[in-house]
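Heads up: the structure comes next, in structure tokens.
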Amino acid sequence: MKNFISVKDVTDIPGLVKEALELKKNPYAFKKLGENKTIGLIFLNPSLRTRISTQKAAKNLGMDTIVMNMDKEGWALETQDGVIMNHNTVEHIREAAAVMGQYCDIIGVRSFPRLVDKNEDYSEDFFNKFIKYAGVPIVSLESATLHPLQSLADLITIEETKTKPRPKVVLTWAPHIKALPQAVANSFSEWMCKADVEFVITHPEGYDLANEFTNGARIEYNQDKALEDADYVYVKNWSSYEDYGKVHSMDSHWMMTNEKLKLTNNAKVMHCLPVRRGIELADEILDGPNSLVIQEASNRVWSAQAVLKRMLEAQG
Amino acid sequence: MKNFISVKDVTDIPGLVKEALELKKNPYAFKKLGENKTIGLIFLNPSLRTRISTQKAAKNLGMDTIVMNMDKEGWALETQDGVIMNHNTVEHIREAAAVMGQYCDIIGVRSFPRLVDKNEDYSEDFFNKFIKYAGVPIVSLESATLHPLQSLADLITIEETKTKPRPKVVLTWAPHIKALPQAVANSFSEWMCKADVEFVITHPEGYDLANEFTNGARIEYNQDKALEDADYVYVKNWSSYEDYGKVHSMDSHWMMTNEKLKLTNNAKVMHCLPVRRGIELADEILDGPNSLVIQEASNRVWSAQAVLKRMLEAQG
Amino acid sequence: MKNFISVKDVTDIPGLVKEALELKKNPYAFKKLGENKTIGLIFLNPSLRTRISTQKAAKNLGMDTIVMNMDKEGWALETQDGVIMNHNTVEHIREAAAVMGQYCDIIGVRSFPRLVDKNEDYSEDFFNKFIKYAGVPIVSLESATLHPLQSLADLITIEETKTKPRPKVVLTWAPHIKALPQAVANSFSEWMCKADVEFVITHPEGYDLANEFTNGARIEYNQDKALEDADYVYVKNWSSYEDYGKVHSMDSHWMMTNEKLKLTNNAKVMHCLPVRRGIELADEILDGPNSLVIQEASNRVWSAQAVLKRMLEAQG
């Protein structure tokens, strides 16, 4: 594996999930693999779970981690070419990425969308340029449009809990008080479309995700209908893709509750966290037996570790 | 040892002090004990000494450290149950603590009091909930009401410098320009009341500490009288407990000076640092032969290491 | 080597450069040397390259690193003696440095000039006091007036790329939109005056550097004349030393371009980064074959590693 930006970087999804579950059983089996190797984690936006799980995954593989909180440590990066840098940006991504590539064997990058200009965000300009200039493998810690380490952790969680070969998985939109990126939803959809599951997406009209990520999924605007016989319900808010970055609805009827769970096949409930209690998900679900949210968070370690292991192996 | 929140978590105080002093002589003797174990250090409030000394103690035991500056990394936590999270808090302590518990074998937490509502602060709600939901041992890096790693370091310092079996130890209030928590004073008192010392607390009227922590101490409002024949003088400011969080006095006569030292048995002077020179303590003491403040700070490492060692041993 | 604050701390410059180049070939040869040793990196000002390269150098030598961002972690230090600390400073450098010295075997410190009072900045009061009170070796991560780890990396870069025994090296002032310290220029000059090169400094009138650092260099106010037959051109902005901290010129004619390169002996172009494209240096140079800027940044690791190795060896 050269880079890990999208599900497209994975040639063998079931194999990667299997590898992650083996690492979970035996976390330190490959501690020699990353010896004297450094992963740099670059955060243009804040991170908690992603930083810690990736740091732990790297450590389990014997790697050192260097963290750069660019948002706080004050290095505003220029990404446009041919610009006279007489304003706020203090370093060009050409130098920043190339220098990091000198210090690190693998680089993880997190960069959220601005949610202002759809073309800007969906071009993934920042990631593409970082890959171009860094010269070392790049792993996404969440980009403007995707969050593949989260999706892999989600798939691992489904794999280790499923009770039938081809479960029904429903991704449902949920209300939120802020305008959130589509990245987690896009990414989950992209992975589920390639996984051995029956996959349905449900959301209010006006919240359709970009077709490039939902191709193959069934879209159902009636949440009740979508939830019928679901084995897994993945709850997530996102802002509108069509009316880009806007919040059209805060309809609290879309919040998952025990009442709604009755429509399902006693479905397990998933969420990437952090979750707004009483807005996205009812307390009764989060505190009840159907919630998988802590297990999902826990599996972030094995998701990251499986990906880093493959990258290290590819480097030789 | 399961948790380390108060002196009550220690069954054998002299044994723990002895163990710390043995670790000081031989810091790397237990480097295998913490292999592949992670301590997470969560700071709701800033820290310098506590972070570094705990990080070093963990490293000496072979553990990895992951630091989370929640105040800066922006995860405002909700602690109330049943709340609809439609305001500033982005994650509930139920999820935050449980997730951290998945990534860490031991968690250190620092959370200062707001000094607004006595009941809120003295309930130690945040710590109690963190312990409840994390599912792994919790070590206090200073809570609203106590700072046990500091107090243990103080006791270690007394133990290694005392010249008589049962020295006289005086905790004296000192002026400060800000309203400070009672945590260090509460904690020192709690530990001294259980140590083999003659313990006196002196402060202006209106500055009495909570009885639950001073039970067994002699309270003396006349500083000169309290200092008589003292072997150790522990200097510390705190805001009023009765008139909660308020500053009644900045009376500079309470500042420790060489003149006041004459009343003592050439007492050693202690302070947890950071110290305001010329306000809490005179330069002449800090720069003179009676000061133990640097030694105390140094002993923070062995205090933390003894506690972490016992926690690791209890985990097996 | 006890401290590393200036070129004056190095008795054998060619030997140190040779050692750095050997470490570059064999980075992990001395991994036992720093075992159970800790380097503290204290930043009064932000850092990216310096922090990461030093952290990596320390790791290569088997050391642990503890980072303290004092600017963000909120410990405003008092440096004046005899002060009553009733204002913003919360800890005196006497305690802060002494405590750090208890936790660390070597301390790296970065502290920029305020650019307000020449005497204050050029006295290097902060560094001198830190050295005095810490009691352990101090390595400069850039002080008010010097940046020796950068200069050593620059000299390493020249050594590994030079095609003649005594190349001509030109330090040229470049425009910038902000008032920058003289530290990089002072330091580069100080090192070049002791290296086996022909050294020329060129800048607009009014930008003369302090004589103590340029003693032995040829000063030439005509940039074109200075660049003639240059083998290396080191580009850097600095604010006025005479009219202290002021910006007199933003004359864009001083920016290095391919046109100007024609005056040189196909010179290699250097810059310490971060660089303002289109202001200090033209894109065509940074993206062209003559730029050494990424190699310089990369060599920061070996510069730091050679220095730390010598410090560890001196500690025994």
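Observations on the structure shown:
- Summary for B:PRO204: label point 7 Å along Cα→Cβ; distances to the equivalent points in the other copies, ascending, 5.8, 5.8 nm.
- In the range C:150-296, Cα pairs under 8 Å separated by at least six residues give a relative contact order of 28 percent.
- A straight Cα-to-Cα reach below 19 Å connects A:LYS24 with the aspartates and glutamates A:ASP12, A:ASP154, A:GLU159, A:GLU160, A:GLU296, A:GLU313, B:GLU35, B:ASP64, B:ASP105, residues fewer than 8 places away in its own chain not being considered.
- In the range B:1-141, Cα pairs under 8 Å separated by at least six residues give a relative contact order of 27 percent.
- Relative contact order %, the range B:78-148, counting alpha carbon pairs below 8 Å whose residues are six or more apart: 37
- Springs join every pair of Cα atoms under 10 Å in this Gaussian network model of chain C, and among C:GLY216, C:GLY108, C:GLY288 the largest mean-square fluctuation is at C:GLY288.
- Taking a straight Cα-Cα cut-off under 16 Å and skipping sequence neighbours fewer than 8 places away in the same chain, the aspartates and glutamates within cross-link reach of C:LYS118 are C:ASP208, C:GLU212, C:GLU242, C:ASP243.
- Span from the the range A:264-316 Cα centroid across to the the range C:4-31 one, whole angstrom: 48
- Shown in residue order for the range C:127-138 are the 3J(HN,Hα) couplings computed by the Karplus curve 6.51 cos²θ - 1.76 cosθ + 1.60 at θ = phi - 60°: 5, 4, 5, 4, 4, 4, 9, 6, x, 10, x, 10 Hz (x for Gly and Pro).
- Principal-axis analysis of the Cα atoms of chain C puts helix C:183-192 at an angle of about 70° to the longest axis.
- Cleavage-rule hits (GluC sites (Glu not before Pro)) in the range B:190-245: DSSP loop, at most 14 neighbouring Cβ within 10 angstrom: B:GLU205, B:GLU228, B:GLU242
- Across the range A:277-289, computed HN-Hα scalar couplings (Karplus, 6.51 cos²θ - 1.76 cosθ + 1.60, θ = phi - 60°) run 5, x, 10, 8, 9, 6, 3, 4, 7, 4, 8, x, x Hz from first to last residue, x flagging Gly and Pro.
- Sorted shortest first, the distances from the A:LYS32 label point to those of the same residue in the other copies are 2.0, 2.0 nm; each point sits 7 Å from Cα along Cα-to-Cβ.
- Using a 7 Å Cα-to-Cβ projection, C:ILE177 label spacings across copies, nm, ascending: 3.7, 3.7
- For chain A, the longest principal axis of the C-alpha atoms and the axis of helix A:13-25 are separated by about 80°.
- Under 15 Å, Cβ to Cβ, from A:GLY206 - net charge with Lys/Arg +1 and Asp/Glu -1: -4
- When only alpha carbons are used to place a centre, the range B:223-241 and the range C:69-118 end up 28 Å from one another.
- Trypsin sites (Lys or Arg not before Pro) lying in DSSP loop within the range C:250-303, provided at most 14 other Cβ fall within 10 Å: C:LYS262
- Over chain C, dividing the summed -39,500 (n - 2.57) contributions of all DSSP H runs of at least 4 residues by the number of residues returns a 222 nm mean residue ellipticity of -10500 deg cm²/dmol.
- Long pairs among C:LYS18/C:LYS56; C:LYS2/C:LYS37; B:LYS25/C:LYS32; A:LYS194/A:LYS225; A:LYS59/A:LYS178, criterion Cα-Cα beyond 27 Å: A:LYS59/A:LYS178
- The range B:195-262: Rg to Rh, with Rh as the Kirkwood radius over Cα pairs: 0.95
- The range B:105-248 shape via C-alpha gyration tensor axes, a/c threshold 1.5: oblate
Every number here is computed from the coordinates shown, using simple stated rules; none is lab data. Fair warning: this is a prediction, and the values are worked out from it, not measured in the lab. Virtual Cβ from ideal backbone geometry, glycine too; neighbours counted across all protein chains shown.
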